[in-house]
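So the structure is just underneath, and the comments pick up after that.
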Ligand code: SF4
């Protein structure tokens, strides 16, 4: 079952460590030294949350699209 979650990257916070790209293949890519969301459709909410938690500057935000609740950070 695909969870309805929305993932965004705050590029003003991102410091380009690429941790999120190594941790979850395919969700993020690097553009001009900072992360962008590429494709989160095929990833579980759990793996997206785990990846967001690894970001050293909490630049990745995860929102439950059904409730509007912010799941992370
Ligand atoms: S882990 Fe965080 S700081 Fe590092 S590239 Fe991803 S979003 Fe940017």
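All of the numbers you see were taken from the coordinates with simple rules; none came from a lab. Values in this document were obtained by computation on a predicted structure and should not be read as measured data. Note that each Cβ is placed from the backbone with ideal geometry, even for glycine, and that neighbours are counted across all protein chains shown.
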Going by alpha carbons, how many degrees (0 to 90, nearest 10) lie between the helix axis of 45-54 and the longest principal axis of the chain?
30
Per-residue counts of other Cβ atoms within 10 Å, averaged by peptide: what ranking do you get for 40-52, 58-70, highest first?
40-52, 58-70
Long-range alpha-carbon pairs in the chain, meaning those over 18 Å apart, account in percent for 28
Between residue 50 and residue 11, how high is the FRET efficiency from 1/(1 + (r/R0)^6) when r is the Cβ-Cβ distance and R₀ = 25 Å? Nearest 0.05.
0.75
7 Å from Cα along Cα→Cβ at both residue 67 and residue 30: what's the point-to-point distance in nm?
3.6
Placing one equal point scatterer on each C-alpha of the stretch 1-42 and summing with Debye, one gets log10 I(q)/I(0) at q = 0.16, 0.30 Å⁻¹ equal to -0.40, -1.12
